[in-house]
Each structure stands twice: as C-alpha cells, then as structure tokens.
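So the structure is just underneath, and the comments pick up after that.
The values are calculated or read from the model by the stated rules, or taken from the named source; none is laboratory data. Note that the structure is predicted; figures quoted are calculated from it, not measured. No Cβ is skipped: glycine too gets one built from the backbone with ideal geometry, and neighbour counts run over all protein chains shown. Each accessible area value is taken on the protein alone, full model and side chains, heavy atoms only, with ligands, DNA and RNA left out. Shrake-Rupley method; radii C 1.70, N 1.55, O 1.52, S 1.80 Å.
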Amino acid sequence: TGSLSGAVNMLIDLTDRTLADEAALRHDAIVESSDDAIVAKDLNGTITNWNSGAQRLFGYTPDEAIGKSIEMLVPLDRQDEEPGILKRIRLGERIEHYETIRRRKDGSLVEISLSVSPVRNREGRIIGAAKIARDITDRRQAEAQKSLLIREMDHRVKNLFTLANSVIALSAHSVATSGELATAVSARLTALAKAHALTIPNGFSSEQATTLHTLIQTIFAPYASEGGNSQPRAVVTGPDITIAGNAVTSFALLLHEFATNAAKYGALSLPEGFVDISCSEDADVFTLVWCERNGPKIEREPDSAGFGTLLAKSTVRGQLRGELTRDWKSEGLAIRLVFAARSVHS
C-alpha cells in the first residue's frame, strides 16, 4: 500500500578507502612542502599538477601553469628534449638526474637536475609523468670555483718551481761553495715568503695587493734590532705605490738583495749605518733612490757581477720595463731604480 514498514541498513567497510585517502593526503602534503619543484604532466606534455616548489623555482603560479604545455619552460635551443623524454616515459623508462637548463617566467635561465618517472593508472597503464626538478646553480658555481682554484693552484705551483729554479741558477753565479749556495737560496726564498704573506687576505677573497713601503719594512725587519741600535735601519720618504701580482716577487728579490749586500759590505754592517730610500713619481714613471749612510768607506767598485746585477738584467728591464744603476760613492752605495708604474699594478 506504500506505507513505511521498516528500513534496510547497508553497511559498507570504508577502511581501505579511508586509508587510501589518508595516504593521498600525506602524499599531497609531502609534495606541496618539498623544496624541489614537482610537476606532473600527461603524455601530451600538458601540466596537470604544480607544487609550491615549482612556483618558487620557475615563477609561475599553479593557475598559470596547470593546463599549459611543459614546453613553456624549455629554452628554444632545447626544444628537442621534451619529445625525447616523453618517448622514453611511454616505454616505461625512468630518467635519473638529467642535467639541463630551463627558462623561468621572467625569461632567466636556471640549471636544474631533472628526474622523471612514469605515472600509471589502476590498470597499470602509463598515463603521464612526474618530474622532480632541483636547482643546481649553486652546485655548478661551486664546481666552477673549485675548478678555478685547482687551475690557479697548478699555475702557482709551476710558477714557484720556476722561481725556485731561477733563484738557484742565478745564485750559483755569485757563490763559491755549496754551503754559500744553500745559505743564499734559503735567505732569498724566505724573503719571498715574507713578501707574499703580505698579499694574503684575511678572508677567502682573491689575492690582495701590497705597497712598496710595506714591502720595504718587511724586508728590513730582520735588521731592525741589530747591534742594539734603536734607530730605524731604513728611512722611507716620498709617495707610496701599490704592488700586485708577480711584481711582488720582483721587488722582494731586489730589495732583499740590496739589504743583504748592505748587511754584508755596506751601511747595515755597522750599528750606526742606515739606508735612506726616497721615492718620487712623475706621470707613469716611478723612481726609487737607495742611499746607504754611515757605512764602511767604499774604496772601489766590485769587479764581479753578482746576483743583483743578473736580476736587474732579467727582471728590471724585462718585467718592470725599467732601469737600475749603481753609483759606488766613497760614503756609501747609491742605487737608482726607475720603472713604469703601470707595470706593478697587475
């Protein structure tokens, strides 16, 4: 008669569906919170999912990206990559750590590491692909910096060996015994080490320049307290000049040679002796005049050409494009060094 006489209760076990929903929610939360860009696309290359990591990396919001072709991220010179990736996905292949370049919304390019996996439906049929893209710009820059440092280290080590060989070869011309050679080479290399210590910066930046006045004080430091004399052994006047690059080596060797000879035979061999160093600059020409005072009286000019003479010929004229002259005055040696200022700035 159509009157209500009861009800039929139909009980359905939702446990599996609830667990699946919870798993899906967890999966969605993981994808959304990932720092990496995670993008899903169908087999035609149309974007179907776009997480916040993708928005941060590429600049597009989900509304701007979903429904668009994945090729909007591909630079013009890499248009052949996506068809190849989709072909491999249709065959069920996974693509691991494929390094490439993609284009952001603002047109800038970013280096990424790309992993792509097939997406299958319940029946196991491939219906699309999931892509994980990671920005590797910092890693590439670190690798480039590492490569640069290795090349720089290789270059410097070779230069050090060349320099050491040159010091030994030149020193051999001005000594008589192996002991004298060892002493001379050791002193010269120590002077170079102290000079180059001036160019080491406090942080991790590239090599810094030093100045001529600072270099002179460093070379003269071992003679400062000799003989109990509290007076400075070197008085430097006139303008200073920045010295960078290989010029530090040249000047360190020259100044060390001048100071060593002064300590052996000249003004620095006596407690009251000192060296007056005056500097001047005219346009691009820099002049350094070294005058020894209160030293032993000079009877005559030495007969043999020592290390300093050989160094002047090979370095002053060659690298500094300058001239070095000596005047053996009875009251003390006077040295005049003239060079192009621009030759020491790089």
> Using a 1.4 Å probe, what is the accessible area per residue for the stretch 30-119, in Å²?
Replying inline: 52
> Considering every pair of different Cα atoms, what Kirkwood radius, in Å, is found for the stretch 17-119?
Replying inline: 14.5
> Expressed as a whole percentage, what fraction of the accessible surface of the stretch 49-143 belongs to carbon and sulfur atoms when a 1.4 Å probe is rolled over the protein heavy atoms?
Replying inline: 50
>> Rolling a 1.4 angstrom probe over the protein chains, ignoring ligands and nucleic acids, what is the accessible area of Thr218 in square angstrom, nearest 10?
In response: 30
> Applying the Karplus parametrisation 6.51 cos²θ - 1.76 cosθ + 1.60 with θ = phi - 60° to the phi angles of the stretch 283-297, what ³J(HN,Hα) value in whole Hz is obtained for each residue in order, glycine and proline being reported as x?
Replying inline: 6, 9, 9, 10, 10, 10, 10, 9, 10, 8, 10, 6, x, x, 5
> Using the Karplus equation 6.51 cos²θ - 1.76 cosθ + 1.60 (θ = phi - 60°), what ³J(HN,Hα) coupling, rounded to whole Hz, does each residue of the stretch 122-130 give in order, writing x for Gly and Pro?
Replying inline: 4, 7, x, 7, 6, 10, x, 9, 10
> So which GluC sites (Glu not before Pro) in the stretch 95-155 end up in coil per DSSP with only 13 or fewer other C-beta atoms within 10 Å?
Replying inline: Glu123
> Whose amide H sits under 5 Å from the amide H of Val74, counting only residues 5 or more places off or on another chain, with H placed in the peptide plane?
Replying inline: Arg103
